Protein chains: 2
Amino acid sequence: MQDLFPADDAFVAHLRSLLPEKAFRDDPAPYLREPRGTWKAQAGVVVAPADTAEVSVVMRACHAARVPVVPYGGGTGLVGGQVMPEGPAPVVLSLERMNRIRRVLPEENVIVTDAGVLVEDLHRAATEANRVFPLSFGAQGSARIGGSLATNAGGLNVLRYGTTRDLCLGLEVVMADGRVMDLLKRLRKDNTGYDLRDLMVGSEGTLGVITGAAMKLFPRPARNATALMVVPSPAAALKLLACARDIAGETITGFELISGQGLEFLKDELPDIRRPYDPTPEWMVLTELGTPARVDPQALLEEIFAAGLEAGLASDGIIAQSEAQAAELWTMRETIPEGNRLTGAISSHDVSLPLSEIPAFIEEGRAKLAELGPFRLNCFGHLGDGNLHYNVFPPRGEKRDAYMPRKAEFMRLIHDLVQAHGGAFSAEHGVGRLKVDDLARYADPLKLEMMRGIKALFDPRGILNPGALMD
Amino acid sequence: MQDLFPADDAFVAHLRSLLPEKAFRDDPAPYLREPRGTWKAQAGVVVAPADTAEVSVVMRACHAARVPVVPYGGGTGLVGGQVMPEGPAPVVLSLERMNRIRRVLPEENVIVTDAGVLVEDLHRAATEANRVFPLSFGAQGSARIGGSLATNAGGLNVLRYGTTRDLCLGLEVVMADGRVMDLLKRLRKDNTGYDLRDLMVGSEGTLGVITGAAMKLFPRPARNATALMVVPSPAAALKLLACARDIAGETITGFELISGQGLEFLKDELPDIRRPYDPTPEWMVLTELGTPARVDPQALLEEIFAAGLEAGLASDGIIAQSEAQAAELWTMRETIPEGNRLTGAISSHDVSLPLSEIPAFIEEGRAKLAELGPFRLNCFGHLGDGNLHYNVFPPRGEKRDAYMPRKAEFMRLIHDLVQAHGGAFSAEHGVGRLKVDDLARYADPLKLEMMRGIKALFDPRGILNPGALMD
């Protein structure tokens, strides 16, 4: 960062000469911190352009003056990609005013949108057109689609509909030097040269600023049904998933693993959240089906549950009998991260594994942690995607503070184990600033070398999100 | 190519000192031409390494000596990507001996394979494991998975299962300088840096040599059913597809548009192929459903057909009553390209359009061609993906030879129209050598600039498939 310069008064005055008053945010404070409180920036000027042309103006100015730029969506990322705590004060480039849905094309199952539109607003627009925009995760009320694309967000419906990358058909990107790259096609097939779209998705604001996107919509399932099933083990849960797929095919929207420990945290910290079992079983799965009108999803769930019982893959279960009951089960699932937060994890992991490696990974991880002490584990997540959230907590009755100096040790232990099983140390949250060292340690060195070359090509002055992804 | 040197006797002797005798093919002739006969190479030495290490040896040697390399799969590509007709004699690097399926993991729905395995052999392995490997196209008996990845092949099942890119989880790549890049993960989610996998897929042998891949498998639908429906227009066919999706959800495996002209060519050239209608209707769709055991696909097709009749979207139809009848209908569909070949097209187009632009594109194209003369059009293809094969033939009773000097004019006319409708001049066949000028004309200049930069980064000496994709 030695070649970069701060967004000082003179530079801000220059920016103000280029952009209307409305583009400037008065209070930078909310933009300089992130949800987990790990990273804080000292200074920065927040600019919120109204359109792609204004983004281009900002980038041209920053490129010319070598001022760092932190592209900013909803600020909900969990790995520090949106906060630059070191180096010269950056321009925080917020897409919040680019919040226009450009086109809804239900006959194509496509929505074209500004990057600053809230994920939840895309849901609403899709619903109005009798379609589904399936990207769904806890922060969807504050997260914006541009940030979701930049981090390749995952969430609850990836099993059926794919990651944010899979949902993206086209992009509009402002490059580091302010030029606009038009990749904004609405095509299901396009074999016209290198796939720069997928290169931009997941690049965490280091290769360009996403200003617009064409995203897939899907037909709205006419009927939905939800079940919570008690399973003897994660291995049984995986077999139950295979069995469910044989019975229900692609109608399985989500298949979530829940650990008893997670519900125990809810019981202690958020006792108002309804939990259907007491005492809490050790392992459960929560699944949802969405079917066309003529297929009865409850009957399919009953069949799955019966097959699971028969095969010893499930011992108990609840099939929601109303939308309210289904919503209650999903609220329980979606509150688990808040229960974790209130309990206070020593380390949190968003890891991905080949499906068949999951049982061994969970067992070995448990054994290795047990050697270190009576730590508590909450292992939950999107089992169908091989994506586990694997969080380590202090022994019962203790606070995490005493253990925080050992955080790096825990992270190393878990990520080494993930690597040994052919997994990835980041599944859906990205690398950000939290996992820069992990990327350097675990990625193929040739991949890193090519990544650095691509970074130098797209952003030769290194102004885009310095410190994220790579040093 | 001025900095490249031919694979001359001295270089071949050097290669022979590095590799076992078995790695060399005696007769290069079959490797120096392609199916449509447009490109022919004069010379080249064909090397078929046994494993990734030998590929690495070849690339290291070629890199050191600046000898061009044409990576070679099954040789079935239709845009000349596999033949280098100009410049110094290349090493043709055939993956044919790397034909080992490395692992079949039905419990993960994954297959890990050498790049030289035939697509059809992957089908067989998947079937044996009670799974589906869905990539399916006419040349699947000769095409290899490495070539399918390099060209991001499409085919008949993209609507349900996606393109080759969508089916790929991980890759092993030998770089231009012989180093091996390990991206061979089996993960559904992996957010650990730039997406180099999708950059390699579709790069047509210009960025590296794909030597291994992890590909998705899917649960095998327990039941299948096929229907041919007569529709009044492509616009009606698109509405019928939307209607079919409401009724049958994701169980629709394919949805193919067939034009009467295509069947007339079959009647003239291949009269033994059974065609169910005489006289031939102007437009038809052929669709297949694959469902879990408890869902009756024939009943769903009946419902779709009834809804289509009711809404004026279909006027007649056949639901196959046996596997033999279904196979006959698919044979008719899959023989259309052979009918085209025997008739002799002036120009053939593999184009992609936003779904809602298709009816206008077809109408405008027809009108523009009619202005030029009584040319015949065969417009067919993967309607659900917006992928049309749009081929122009001489007037009835005439041969194409007299019109071949006008081929470029026809291509320009069609591709300009595709561009005006937001489409792509290549949907599933790639750019190869056929469409280098189209890429230069229609792609965003900034995209081209970044592509050139990436090419220079991955292949600084320009030895990989010179002349393909870009000049």
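Readers should treat all values here as calculations from the given coordinates under stated rules, not as data from a laboratory. Keep in mind that what you see is a predicted model, and the values were worked out from it rather than measured. Here Cβ is always computed from backbone atoms with ideal geometry, including for glycine, and neighbour counts include all displayed protein chains.
Descriptive notes on the structure:
- Looking at region B:231-279, the chymotrypsin sites (Phe, Trp or Tyr not before Pro) that sit in a DSSP loop and have at most 15 other Cβ atoms within 10 Å of their own Cβ are B:Y277.
- Low-density loop cleavage sites - trypsin sites (Lys or Arg not before Pro) in region B:379-471, where at most 15 other Cβ are within 10 Å (DSSP): B:R396, B:K399
- Theoretical gain in end-to-end length, A:E107 to A:S315 [0.36 nm per residue, Cα-Cα removed]: 70.5 nm
- Whole-percent pair-distance distribution, where bins are 20 Å wide, for the alpha carbons of chain B: 24, 54, 21, 1
- The charge dipole of chain B, taken about the Cα centre with unit charges on the Cβ atoms of Lys, Arg (+1) and Asp, Glu (-1), comes to about 800 debye, rounded to the nearest 20.
- Per residue, the convex hull volume that the Cα atoms of region A:101-219 enclose (Å³): 97 Å³
- Helix B:445-458 and the longest principal axis of the C-alpha atoms of chain B enclose an angle of approximately 40°.
- Student exercise, the protein assembly as shown dipole from Lys, Arg, Asp, Glu Cβ charges, in Debye to nearest 20: 1160 debye
- Cα-projected label distance for A:A327 with B:N130, points at 7 Å along beta-carbon direction, nm: 4.0 nm
- Modelled this way, with points 7 Å down the Cα-to-C-beta line, the labels at B:L342 and B:R100 are 4.3 nm from one another.
- Built amide H within the under 5 Å cut-off of A:T253, gap 5+: A:E288, A:L289, A:G290
- Phi-based couplings in Hz for region B:105-120 (Karplus 6.51, -1.76, 1.60; Gly and Pro marked x): 10, x, 5, 9, 6, 9, 10, 10, 9, 4, 6, x, 6, 5, 3, 5
- Quick note on region A:391-468: its Rg to Rh ratio, both from C-alpha atoms and Rh being the Kirkwood radius, is 1.08.
- Shortest-first distances to equivalent copies, position A:A324, nm, label 7 Å out along Cβ: 5.9
- Under Karplus coefficients 6.51, -1.76 and 1.60, residue-wise ³J(HN,Hα) of region A:167-182 in Hz, glycine/proline x: 7, 8, 9, x, 9, 10, 10, 9, 7, 4, 8, x, 6, 9, 9, 9
- Cα-projected label distance for A:D296 with B:D437, points at 7 Å along beta-carbon direction, nm: 6.3 nm
- Share antiparallel - DSSP beta bridges, the protein assembly as shown, percent rounded to 5: 85 percent
- Among A:S347, A:A360, A:L434 - extreme Cα towards positive end, dipole of chain A, charges at beta-carbon: A:L434
- For region B:60-157, the set of GluC sites (Glu not before Pro) satisfying both a DSSP loop assignment and a count of at most 16 other C-beta atoms within 10 Å is given as B:E86, B:E107.
- Calculated label separations, B:R16, copies of the chain, 7 Å along the beta-carbon direction, nm: 7.8
- The spacing between region B:170-243 and region A:345-370, judged by their C-alpha centroids, is 29 Å.
- Using the rule -39500 (n - 2.57) for each DSSP H run of four or more residues, divided by the residues of chain B, the 222 nm mean residue ellipticity is -10500 deg cm²/dmol.
- Relative contact order, whole percent, for chain B stands at 16, derived from Cα pairs under 8 Å and 6 or more residues apart.
- Euclidean distance between Cα centres, region A:1-59 to region B:431-471, Å: 36 Å
- Expressed to the nearest 5 percent, the antiparallel share of DSSP beta bridges inside chain A is 85 percent.
- Across the alpha-carbon set of the protein assembly as shown, the Rg to Rh ratio works out to 0.96, Rh being the Kirkwood radius.
- Kirkwood estimate for region B:223-420, i.e. one over the average of 1/r between Cα atoms, Å: 17.4 Å
- Peptide ranges A:44-54, A:379-389 listed from the most packed, as the mean C-beta count within 10 angstrom indicates: A:379-389, A:44-54
- Amide H contacts of A:S347 (H built 1.01 Å from N, under 5 Å, at least 5 apart or other chain): A:V392
- Taking amide hydrogens as placed 1.01 Å from N in the peptide plane, the amide H of A:G317 sits under 5 Å from those of A:V230, each at least 5 positions away in sequence or on another chain.
- Here the Karplus relation 6.51 cos²θ - 1.76 cosθ + 1.60, evaluated at θ = phi - 60°, turns the backbone of region B:390-396 into coupling constants of 10, 10, 9, 10, x, x, 3 Hz, with x for every Gly and Pro.
- Dipole of region A:101-219 computed with +1 at Lys/Arg Cβ and -1 at Asp/Glu Cβ about the Cα centre; of A:T164, A:A126, A:L207, farthest Cα towards the positive end is A:A126.
- Across the identical copies, how the B:R223 labels are spaced - nm, sorted shortest first, 7 Å along Cα→Cβ: 1.6
- Taken as Cα centroids, region B:251-320 and region B:78-99 sit 39 Å apart, rounded to the nearest whole angstrom.
- Overall form of region A:1-102 per C-alpha gyration tensor (a/c, 1.5; a/b vs b/c): oblate
- Look at the dipole of region B:101-219 built from charges on Cβ: of B:A176, B:L135, B:N152, the Cα furthest out on the positive end belongs to B:L135.
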